[in-house]
Amino acid sequence: MIIVMQVGATQVQVDGVVGYLRDQGVEPIVLPGQDNTAIGVPASLDAGQRISFEALIATLPGVSKVTQTSHPYKLASREWHRENHFVDVKGVRIGEGFVVMAGPCSVESHKQMRAAAEVVKQAGATILRGGAFKPRTSPYAFQGLAEEGLQILRQVGDEFGLVTISEVMSPEMVELVAGHVDILQIGARSMQNFPLLIEAGKSGKPVFLKRGPSATIDEFLLAAEYVLSQNNPDVILCERGVMPLDRTYVRNTLDLSAIPILQEHSHLPVIVDPSHGTGVARYVLPMALAALVAGASGVMIEMHPNPKEALSDGSQALTPEVFTDLMQELNRVRAALAAS
Ligand code: PEP
Ligand code: MN
């Protein structure tokens, strides 16, 4: 339930409503807004109780109206958190401006990560990616370097002053991964691994949550809700493409409409991954630009020093040259948007 206070309601009136709710045994959440304050009530009341409760609250001084939340998620909802949320990772503010996260699909060696980080840094990106635990369709495919991969990512990230992000696939591994990287990535296949979401939430690290390949917007935001419900406000949403109608031309269909939809219904930053979103290196640039223009807070790009030799996702990895071009194109479009 959301109680919307009148424009100009006094602090005494807000405190009065809060005090009344507490007397009723519910713990309200005060949601300050630009024009007026709203008060969220997380308690689940049965329909009968709710109607009489609502009617009473509506008569309290300073109350404008009482409404029901219209979504199954609460903490992930803009109704509960009206201002945009920024996730601050070592001074990189995700949700403000436009961030680029880039690097290879998998950490393969120290030499490979160093080469990748050099390009990422030089091109002006701030976050270095690299998977150490890889969710592979086949058990015979390269599974990642595990802890050694995390150590490499951390060393290289520190050397170049880049924020690091890597995937965690199971609840038992959260502590290990969180001990090495700045941001925990939860992959598309794990979006509904609820024990993992809870454990990642408890870690207190920012959580980069990828949308499942067939997840609806509500399912995606409910997955975010699991993390938020662990008192961890730092969730970053990532649209990375959904199941395509056919796989003749693309690996996934990048759902760019998810950007404004998520932004309308949630306060959490939205990042787009056009690499997994298309699966084809030459489609990454146009889709990254489209994400920028559509209002995303950043992109995650797979780039490999030598894509032909990549141990995973080589066909969607950009070469260092194309990645550098992409960064320049993004800057050009950003400047044009700022000037318009
Ligand atoms: C990845 O980022 O390398 C990855 C496996 O992504 P997704 O979970 O979106 O498939
Ligand atoms: Mn990948």
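General remarks:
- Residue within the range 213-226 that is in contact with a Lys or Arg (Cβ under 7 Å, 6 or more places away or on another chain), in a loop (DSSP other than H, G, I, E, B) and open to solvent by less than 60 Å² (accessible area, probe 1.4 Å) present: no
- Condition check for G204: open to solvent by less than 10 Å² (accessible area, probe 1.4 Å), of a type in the set (G, A, S) and free of Cβ contacts under 8 Å to residues at least 40 places away in the same chain: no
- Of all the residues in the range 291-316, those that are surrounded by 18 or more Cβ atoms within 10 Å (Cβ to Cβ) and of a type outside the set (V, I, T) number 16.
- Of all residues in the range 78-107, those that are open to solvent by less than 60 Å² (accessible area, probe 1.4 Å), more than 13 Å from ligand 1 (Cβ to nearest atom) and under 20 Å from V177 (Cβ atoms) total 4.
- Residue, nearest to L145 (Cα to Cα), within the range 175-198, restricted to residues that are of a type in the set (V, I, T) and crowded, with 22+ Cβ neighbours inside 10 Å: V177
- The number of residues in the range 317-326 being surrounded by fewer than 21 Cβ atoms within 10 Å (Cβ to Cβ) and either under 25 Å from L209 (Cα atoms) or among the acidic types (D, E) (or both) comes to 2.
- Per the listing I198, I183, the residue uniquely among the aliphatic types (A, V, I, L, M) and closer than 21 Å to T126 by Cβ is I183.
- As a summary of the residue check, L209 satisfies the conditions (1) open to solvent by 40 Å² or more (accessible area, probe 1.4 Å); (2) closer than 17 Å to C238 by Cα except for the one numbered (1).
- Extreme residue, farthest from A76 (Cα to Cα), among residues of the range 158-197 that are assigned to a loop (DSSP other than H, G, I, E, B) and of a type in the set (S, T, N, Q): S170
- Checking G131, G91 one by one, the residue that is among the small types (G, A, S), closer than 25 Å to P269 by Cβ and away from ligand 2 (no atom under 16 Å from the Cβ) is G91 and no other.
- Taken over the range 129-145, the residue count meeting the criterion of being outside any strand (DSSP E or B) and open to solvent by less than 10 Å² (accessible area, probe 1.4 Å) is 2.
- Every condition in (1) closer than 29 Å to V270 by Cα; (2) open to solvent by 80 Å² or more (accessible area, probe 1.4 Å) is met by L56 except one, and the failing one is (1).
- Of all residues in the range 283-305, those being more than 16 Å from ligand 2 (Cβ to nearest atom) and either within 25 Å of V87 (Cβ to Cβ) or more than 22 Å from the chain's Cα centre (by Cα) (or both) number 10.
The values are calculated or read from the model by the stated rules, or taken from the named source; none is laboratory data. Keep in mind that what you see is a predicted model, and the values were worked out from it rather than measured. Here Cβ is always computed from backbone atoms with ideal geometry, including for glycine, and neighbour counts include all displayed protein chains. Each accessible area value is taken on the protein alone, full model and side chains, heavy atoms only, with ligands, DNA and RNA left out. Shrake-Rupley method; radii C 1.70, N 1.55, O 1.52, S 1.80 Å.
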